1. Go through (1) surrounded by 10 or more Cβ atoms within 10 Å (Cβ to Cβ); (2) at pLDDT below 95 and name the single condition residue 33 misses.
2. Tell me yes or no: at least one residue of the stretch 39-54 is out of contact with any strand residue (DSSP E or B) (no Cβ under 9 Å at 6 or more places or on another chain) and surrounded by 10 or more Cβ atoms within 10 Å (Cβ to Cβ).
3. Picking from 77, 73, which residue would you name as being more than 22 Å from the chain's Cα centre (by Cα), modelled with pLDDT under 85 and part of a helix (DSSP H, G or I)?
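The values are calculated or read from the model by the stated rules, or taken from the named source; none is laboratory data. All values derive from a computational prediction rather than experimental measurement. With ideal geometry, Cβ positions are generated from the backbone for all residues, glycine too; neighbour counts draw on all protein chains shown.
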C-alpha cells in the first residue's frame with residue numbers, strides 16, 4: 001500500500017473522524033473506501049452491452065422482402 005499526504009478542510013476531516021468513531025473504524029479506512037468508490041464510479045467505466053437497456057428507434061422504414069439485399073443496403077451510402 002502506498003502512503004500519501006492529502007490536504008482536506010478541517011470540517012471534512014472531522015466528519016470522517018466522527019463517523020469512523022461511530023462505526024468503530026479508522027478514518028483512513030473510510031477515506032480509502034471513498035477513494036476506491038470514486039475510482040470505480042468515475043475513472044473505471046466497465047459497462048457491458050449486457051448492462052445497457054434497449055432503445056426504441058421506431059419501426060422499419062419499409063417491410064423487408066425476400067429480394068432485399070440487406071448487406072448491400074447497409075453498405076450502400078447512396079440513399080434514396
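1. (2)
2. Of the stretch 39-54, the ones out of contact with any strand residue (DSSP E or B) (no Cβ under 9 Å at 6 or more places or on another chain) are 39-54.
Retained after the next criterion (residues that are surrounded by 10 or more Cβ atoms within 10 Å (Cβ to Cβ)): 39-40.
Yes.
3. Working: 77 fails: part of a helix (DSSP H, G or I).
Within the list 77, 73, the selection yields 73.
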